[in-house]
Structure formats: structure tokens, C-alpha cells
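Only the coordinates and a few stated rules stand behind these numbers; no lab work does. It should be emphasised that the depicted structure is a prediction, and the values quoted were computed from it without experimental measurement. Every residue, glycine among them, receives a Cβ derived from its backbone with ideal geometry; neighbour counts consider all protein chains shown.
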Amino acid sequence: MNKLKFYGLGGQGVVTAAKIFSSAISLYENKYAITVPAYGHERRGAPVNTSIIVDDEPVLLNSFVYTPDVVLVMDDTIIDKNVDVSEGIHADSILVINTEEQGILERYKKFNFKEIYYVDGTQIAVETIGKGIPNGSMLGALAGSGIVTIEAVEKAIKDMFKEKAGDINAKAARKAYEQIKKI
Amino acid sequence: MYDIKHKSKGLVSHGVSTCAGCGLELIIRNVLEVLGEDTIIVIPPGCSALFSGFGKETALKIPGFQGNLENTAACAAGIRAALNAKGNKDTTVLAFAGDGATVDIGIQALSGVLERKDKILYVCYDNEAYMNTGIQGSSSTPIHASTTTTPAGKVTNRKDLLQIAIAHDIPYAATASIHNVNDLKKKVEKAKNVDGPSLLHIHTPCPTGWRFNPAKSVEIARKAVQTGCWILYEYEEGKAKVNYKPKELMPVEEYTNLQGRFKGLKEDEKKKFQEYIKNHFENYVKRLENDI
Amino acid sequence: MQRQQEKPMSKSKKYRVFGPVATVFDSSNTGSWRLERPEIDYSQCIKCGTCERVCPANVIDVLKEEKECVVIDFDYCKGCGVCANECPKKCIDMVLEKGGEK
Amino acid sequence: MSHKMLDGNSAAVEAMKLARVQVISAYPITPQSSISEKLADIVASGELKAEYVRVESEHSAMSVATAAQLTGVRAATATASNGLALMHEVLSMTSGNRVPLVMPVVNRGIAAPWTLWCEHGDAMAERDSGWMQFYCQNVQEVLDLQLMAYRVAEDENVLTPAMVCLDGFFLSHSMQKIDVPEQETVDKFIGEYRPKNTYLDTKDPMFICDLTSPGEYTEMRYQQKTAFDNAIEVIEKVQDEFYKTFKRKLSIVEGYKTDDADVVLVTLGSMTGTAKYVVNKFREEGKKVGVAKLTVFRPFPAEYIRKLLGDKKVIGVFDRSAGLGGQGGPVWSEINCALKELDCDIRDYIGGLGGRDVPPATIEKIFNELLEIHEGKGENHTQWIDVKDNAMDIRQVIKNV
């Protein structure tokens, strides 16, 4: 069982990213994933998170993830918004983050994740899809960390967005997958 | 088919337990005479439910459903939607409700139907209070009328149902009265044939609730029109037309003095009431005729 | 009920129907409510049909060919008196039921 | 059959589409809204041929759906929370007129306090309204139980409407991998809608829902009671057929590792999955615990409960509604009553209210308490299992009056 938690801001497509990720795992990797989204009353711009549980068997657990194995941060500013992305992590938890700024990475290093994968997903999104919505690219980043294959992510993205939007978002994912770095 | 145990001339049984001289009874017979048997009726609990029946027996030869007090329009909309889904555009869906079920508790569902332009014919027989439950005031009770919940006379004016309906820009809306059955039937025919919702607001004297001699039902309806207390007009293709406009209105007392519910009116109130009715009638007609 | 269901619905099967449904078209003997009954003075009657038109119970027929042309179904006439009140010739009288004088 | 990733609301819509509903009346309410939207979408795209009535309230939504189904078509609506409460008056019209409408209810607490989130209090408030109630464990069951519900509700011996209850957000917005059957298979399973009861048709008129005297009312209610009695058998029959057709097993009450269990927790809804997860974990530690999943709450399957739990000495019941003023939550009351003649210690747990998550920790705490009671080490249990210690001080305001 693999437990994931995605953090981001409302409007960045955190919930959509979780949907695509769970589809990639469930439909193209022959495993099972469920999303347990934590909907608040907040609107665009507010910090949001969503939980995903992955397993080889159908997932029984239906509650939020409290001890994540993988944390995905879509927006590096959320640590300044009263969000503790290290909540519940353990010795083997890894972080995948949308940033390439060394200063910020230094701050995230203090959380003692086992590994940190990082890439500027927003920049990639701007270059590839023309707007700074990083959900496609960060799904590629997740693939870069080895949790899911890039092929599955690309297929799931194309299912979700259809036609042209699907192609460019899949391209963004591939780019992030190739550019990702590890600490 | 119904098990027909009683020979009736029309679609309504002759022996129905409405009060002697009931205006509503005259209306339902005439409305159904025009609409014919390809009609489904929705009736809320209230006086009109006497036609729904009791136990195994009903007083109507057409199919019908008695819904809740506030959802007559919505039930009619559901029936319409199902008929449409089955490709039936011909059957008339008739909502037949009193003033309480229409202007008070049912106004939301009615507004929904009128806004969506669901093709139903909505008849509001207006006896100006909750008669079936014991003559409690409604928002259609006229000012000064005494009811069991406005014992000293109602202090506010009535709600204007037809203008509310017209504000939804529906294809056909009209007021009518039982004193002119031919006019009423003509209006039912028009309402039936428009493409979209139509509303008939029919003045309906109630001998029991208004406290008058049952023999006077039709006379009182006539006097309401002649005094300007009830204005006959219709709204068709975006234009209003006043159906009755006397050179001079009859004094309001000719109408109110026949009824017990206006007995409490004091002399100065009578004067003010007369003044109000006259102004209201003139302004209303002016507004209708100038399309304002 | 079973018979009713048969025609439009079931090609093969009959169903028992449940719930509050009325399937008998009937009437109550509302004529028994009457305190007064309309009596027509045929010498005055012009057979205009007003009484027929305004009768709330729809129990009056004006048969123009007949001498006693106004036929009232007293099984259902509640004796409201609208016909008498509306008659343009005032040729309908409401008289006390049980044959009494007015 | 094909695998799809769907959330609970989409699964509900999928089931309505597969059942070929012909009239839809919908009014949006969180967390049901995406059902209203998706239905509108598939009608607009032509994927489903149906009349979509965009009603102005839930009261009208239920009125339109009920009257439409009385006019001879399969109708659809869905709601949640305060919307269900607003439907209350019409729910009895649907059931009393024996209209076999099927409606997803996305469970959410009823205000006040305002909450957007999951709780069963909305459906529990309608438990005696004459509707059947089925509770879903996961998204697959949302689809499956709804397909089953059409068959059961429309059965000539039942003719009673059904609510398919799915937990707000935990199911309505949870993406899960599910099997979606082919239209053809579903057509064979559910069949075209045939009104077996009263209907509105000008070619065959009847008057529906006129006044009923005290001389007949009791019997009308008795007929409804009999329908509920019949429903259990029909559900079982339909579930068998469902298994043959779709190869998935549905249950009235599902025992999960209950056979040799020392203690059993009765659950309903999405908490069941988490409870099963905890059972597996405890079993690895040698602790004999089990879960009884209540899928069918109305009709209440007392006989099944007796069969499954009759020999258990310690039972916990998890109510996801407060049961205010009662002796315990509504599910606990029913379980208690079903086992009243047996020697069982039945403990009531209330939790997961207004969106509070039911994590493994909560279930673990319950099982540990039940095990202690079973071993004679403890006597008391924590009735409000996840209430905070400072409950009475929450949003404390002191003012002089």
C-alpha cells in the first residue's frame, strides 16, 4: 500500500491531478487507487490537499491519509500558509516538489524526507501549455520519482483532457519527468 | 376506465359535496367542458379536493392526482415532462388550485413552472381565503375582509397573482369570473391552445366564507366586476386587453353590503375603500392599456 | 381494477394495484340537502337557458320543445337558488321543501 | 463490462443512464451537485434521451419526479442534507402512492450547525418515510445497489421507492476503479419501465391519492408494511440474479470475518471499508474481530442480524448520526431490538459527524474497548467515540445577561 498526499492551492488542479494519477495507476498499471479529497469551503487561492491510496488489491481504506509515503507539493509557498507538509511523515516518506529555487529547497530539507524530487513544473507548464497550471507537469514529476510510469500518466492525461489539451499536458508531464532532479 | 355508477352530463359528477351555491363548482364543470376528456388534472387538498373524491369514489371522469398543498404546479410539470418523454403533446395538463395553494404556499412551484415555460394550464379559483380549513385569510384576501385569522378585517391589500404571472412573460394569462361563463370558456379555450404555460385567475364567490345567501353567488361575482373590485382582462402575445370597462363604476357598497365579511367596515373606512377601489381600477386599466 | 390494467398495460400479466386510488365514478345524494326547491312559472319563461348555464350542479336542462321546458334533476339539486336569482324574467320561485308554501 | 475511474456521483449518474430514466428533475446541493450537472450534460449531449426539468427546489424535484413516474416513465432525482429534509413532505407521497422511484442520497449533515460534509443524519431522519434505504460501502456499490434498487423497488410485491445512500465526499467525490456493465446486460437485468401500479393515462383514467377514511388508512399502511416484509425476499432474489449477471456479490448484511470473531462492529457506509482494513490489521495481531456491514437499513433485516450476530457476546454499533434524545443512535436501537431476546452486550458508538473522518485510529479504539469488555477487563465504552475532550468549551462565549 502506498499513501499519497497532494498539497497545492485552489485553482491549481490538485483534485484533477489526483484524479488523473489515480486513473493512471488504476487503468494503466493494473493496480487500484482511490482518492479521498478533503473539500473545504475555501475558494481559489486557498491551500487544499487531497489523499490518495494505492494498492495491488482493491482498496478498503476510505479515510484521509495521515501517514503519507509520498507528499506532492504543487506550490512551494504553502509552507507559509499554515500548512505542515511534513505532518505524519515517516523515515521512508519522499517529497516531490514544484520548485527549483535552492533557498526554498533548503527550507523543505528541514522536514527530513528520505528523498526530495524537484522540478520547476510551473515554468514547464508556461512553456508547454501556455499557462502556469502545474498539475500536468507535476504528474510527470511523480513519474520521475518512480511511483508511476510516465506512459500511464500520459495516457491518463489524454483521457482527462481530450485532444489538443491532452497532448500538450502530456508533453508537460514528459518534460518534467525528464528534467526532474533528486536530492 | 372508471366504473361508471352515475350518469352525468359532463365530466363531473352532479352530486358533489361542495356547498350550495359554490362558485368553484360552476368553474370546474365549465373548465372541463371546454378541455374535454384528454386532460389530466392535479388538485391540491382544499375545496377542489371534494372533486378528487373519497375512498374508492371520485367525482371526475378524467385521470387525476391529488398532490400536496404547495406543489400543484410542480406535479403538473412532472406529468407534462413524462407525457413529453412519451411523445404525447396533445393531452392537456390542468393544475386546478385555490388561492391559498397558489398565491401563498404554492407560489414558488408556480413561478418555477412559469419561468421554465412548462406547457401546463394553471387555473386558480380564487375564493379569497382558505375556505376548506375554515375561512382563514390568504394573501389573496382583499383588504377589509374579515376571516377567522383577520377577524377585524384584513389590513393589507391582496397580492396580484396575474401580474406576477405576467412578469414571467408567459404566452397567455387572464382573469375571469363566474358571472360570465361564456367569457370564461373562451379564455379556457385560448389557454389550452397556447404553446407554453397559461394561467387563469378566476374570481370565485364563496357563500360560506363570504357570508351571503347562496342564491347570490353569480350576482356577487357580477357586482365585483361592476364595482371595480375584480378587473376582467387578459394578457396575450405580450399585450394586455381589458375585457370590461364601464363608463362609471357601480358604488362598492353594492358589492360589499351583500356580504357578511365586510360588515365591520366603518363609515370612514367605506369611503376610503371606495376611493381606493376607484383609483386602483382607473390606474390599473390605464397601466394595462398603455402597456406599462 | 384488474380489468382496467389489462388493456393499456399488460400484454401478458395482470398486476394488483396498491395505494389510495379512486376508480368508481359516482355521486352523493346531494338533493337531500335541499331546504328550498325551485319552481318555475312556465307562463313567464322565455326559455333563455340562463338557469341552465348558471346552475353550479349542472342539473338543469332547458328543453325548448317542451311546454314544461325546465327540467331539474332533484336527486342532486341542492336548492341554492342561483337559478331563481339569475332568471331574467324572475319566473323561478324558491319554495320550501316538503310541499310547504313560501 | 469495462473498468472506469468514477467518483460516487458519476457512478450514480451512470446507473441512472443505464436504467434509461426518461424524466429527470434536479436541484443542486453540495455534495450532490455534480449529479445534477452530469445528468444535464448527458441529456444535452444526447447520450441519454430524457426530459430534464430544472426545478426551483427539492420539494419540486421530488414532486416532478413522483408525478412523472406516476405518468408511466422511470424518473430520476437526487439530493442531500437539507434538500432531503425539504423533500420530506413529498417523500411520503411517493411511498404512500407506491411509486417505485429510486433516488441517490448523498449523505450530509443537516444544519444547524451548517456543514457541507458527510453524516447519515439526513437519511436517518427519513427512515420511517416509507422508503427503502441502501447504504454503499464504495463507489462500485453506488452503481450496483442502484441497479439493484430499480429491480427491487419496481417489483410487483414491493412497489416502494428506494434511497441509495452514499457518503458525501468520502464516496460522492472519491475516485475509484469500478466495473461498468454494458447497456445490453443492464437492459436485460432491469428491463423497460412498466407501470405495475396506479398511473395517469387519459385512455384509462383513475384518480390517484384522494382522501382516505380512518376505515381504510390503517389497511393502506399495512399494505406498505407488507411490501417491506416482501422486500427482503425480493432483495435476496435480485442479489442472486445480480451475481449471476454481473459476477459481483451484494449482501443484505455482510459478515466480514465474523464467524470466529469475539467482537463485531456493525457499520454502514464508507466507514465499512476502513473497518475491514482494521479487522485485517487486528487479525494479523491475533485479535479476533469482525465487521457486520449493514447494506439494507430499510427494510431492517432483523432476521439476518440474528443469524449473523446471535451468538456474539459483545457487539459494537457505529452510528454516523447523533440520535439526539434517543437512548442511542438509530442503528444501535434497531440492532438492540433485533437481538433483544439474546444474551448480547451491545454498545453504541456515535461518530463521524459533520464530515469528521473515521480513520483507522477511531475504529481501532472501538475494537480495543470491545475486546476489553469481552475479556471482562473493562465495563465502560466511549459512546461519542471521536468527540474532543473540550467539547463543552468549543466556541465558548460568556456574556452577562
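A simple spin-label model places the labels of D:LYS377 and C:SER43 11.3 nm from each other, with each point 7 Å out along Cα-to-Cβ. Neighbouring Cβ atoms from other chains, within 10 Å of the Cβ of residues in C:58-65, number 2 on average. Taking R0 as 30 Å, what's the FRET efficiency between D:GLU241 and D:MET220 from their Cβ-Cβ distance, rounded to 0.05? Approximately 0.50, to the nearest 0.05.
Projecting label points 7 angstrom from Cα along Cα→Cβ for A:LYS81 and D:ASP229 puts them 6.0 nm apart.
When you count the other C-beta atoms within 10 angstrom of each residue and take the mean per peptide, B:242-255, B:101-114, A:151-164 line up highest first as B:101-114, A:151-164, B:242-255. Shielding by partners for peptide B:112-122, expressed as the average number of C-beta atoms from other protein chains within 10 Å of each residue's C-beta, is 2.
When a/c reaches 1.5 or more, the comparison of a/b and b/c decides; with that in mind, is chain A rounded, prolate or oblate per its Cα gyration tensor? Note, shape of chain A comes out rounded. Mean residue ellipticity, 222 nm, helices only, chain D: the sum of -39500 (n - 2.57) across DSSP H runs of n ≥ 4, divided by residue count and rounded to 500, is -12500 deg cm²/dmol. Within the same chain, aspartates and glutamates fewer than 8 places from D:LYS188 are excluded, and of the rest, those with a Cα less than 20 Å from its Cα are D:GLU14, D:GLU47, D:GLU141, D:ASP144, D:GLU154, D:ASP155, D:GLU156, D:ASP179, D:GLU236, D:ASP240, D:GLU241.
Could you work out the local net charge near D:ALA11, counting Lys and Arg as +1, Asp and Glu as -1, over the other residues with Cβ closer than 12 Å to its Cβ?
Details: positive: D:LYS4, D:LYS17, D:LYS38, D:LYS177; negative: D:ASP7, D:GLU14, D:GLU141, D:ASP144, D:ASP179.
Surrounding charge for D:ALA11 is -1.
Charge dipole (Cα centre; +1 on Lys/Arg Cβ, -1 on Asp/Glu Cβ; no other charges) of chain D amounts to roughly 480 debye. Under the shape rule built on the C-alpha gyration tensor, where the axes satisfy a ≥ b ≥ c, the range D:2-246 is rounded, since a/c falls short of 1.5. The distance between label points at B:GLU289 and A:TYR66 comes to 7.9 nm (points 7 Å beyond Cα on the Cα→Cβ vector). Among A:THR122, A:THR77, A:THR35, the largest mean-square fluctuation in a Gaussian network model of chain A, built with springs joining Cα atoms closer than 10 Å, belongs to A:THR77.
Just want to confirm a number: the relative contact order over the range D:254-374, from Cα pairs under 8 angstrom separated by 6+ residues, in percent.
With pairs under 8 Å counted, the relative contact order is 30 percent.
Neighbour counting of Cβ atoms within 10 Å sorts the residues D:ASP311, D:ASP122, fewest neighbours leading, into D:ASP311, D:ASP122. Treating r as the C-beta distance of D:ASN82 and B:ASN279 and R0 as 41 Å, the FRET efficiency rounds to 0.40. Maximal additional length on extending the A:LYS131-A:GLU42 stretch stands at 29.8 nm, based on 0.36 nm per residue less the C-alpha distance.
Averaged over peptide B:85-91, the number of partner chain Cβ atoms lying within 10 Å of each residue's Cβ comes to 4.
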